[in-house]
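Peer 1: Structure incoming, see below.
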Amino acid sequence: MCNRNWRGLVVILLICLAFLGCFVFSFAATEADKAKLSNTGVSTEKAIDKPVSERTNSGTKDYNRMILEELIKQFADRNKPVTWSIILITAFATVFLAIIAFFGFYYESKRTREIDREINYMKNEVKIKLENLENTQKLKEEVSTKVKTELLNKIYSTIQESVKNAVWLEVSAVKSQFSCKKGDQS
């Protein structure tokens, strides 16, 4: 797959080639039209360069109409092929650029969708890891609470046993003293 910079360069190059092709085709069509006109021999110069006797014989009105008809014919003959060639070349360039733009947008949107999919996948992974981390922390807190509770219970039971033993020893000591005093009195 091409690097993004290379793809942009290729698109710019294709656009430049399309405009260059349009220019070349337009120039070639114009030159062909000029050659076609020069082969027909229609020219306003020929109509104007007629001798005065020929011009005056037909009358001024007819002469003006003849020049006007020659100019209209020359203008129509010259512009008709050039106009169609320019229209066709412009249409070709427009379609070509539209196709390039369509494929550019298509591949860019495809790439964007893939990136969005990867981002969403990563977000889900991060979310799952955070949930696992939170669950682990909760579990640690629960375990530490249980351990603390068990330790406190053991300490409390140990203290209770120690107190019982101490009290038992004290009671035993008092009993033995009491029994000794009773034995001394008898």
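Peer 1: Need pairs with beta-carbon distance below 8 Å; first residue within 18 Å of Val95 (Cβ to Cβ) and assigned to a helix (DSSP H, G or I) and within segment 18-35, second at pLDDT 70 or above and of a type in the set (Ser, Thr, Tyr); sequence gap 6+ or separate chains.
Peer 2: Cys22/Thr90
Peer 1: What do you reckon, is Phe75 in a helix (DSSP H, G or I), at pLDDT 80 or above and loosely packed, with under 12 Cβ neighbours inside 10 Å? Don't jump to the end; show me each part of the working.
Peer 2: Working: in a helix (DSSP H, G or I): yes; at pLDDT 80 or above: no; loosely packed, with under 12 Cβ neighbours inside 10 Å: yes.
In short, no.
A quick yes/no check of all residues on (1) more than 30 Å from Leu13 (Cα to Cα); (2) in contact with a Cys (Cβ under 8 Å, 6 or more places away or on another chain):
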| residue | (1), (2) |
| --- | --- |
| Thr90 | no, yes |
| Ala93 | no, yes |
| Gly104 | no, no |
| Glu108 | no, no |
| Arg111 | no, no |
| Thr158 | yes, no |
| Glu170 | yes, no |
| Gln177 | yes, no |
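The values are calculated or read from the model by the stated rules, or taken from the named source; none is laboratory data. Everything quoted here is computed from the prediction, not taken from an experiment. Cβ coordinates were reconstructed from backbone atoms using ideal geometry, including for glycine residues, and neighbour counts include every protein chain displayed.
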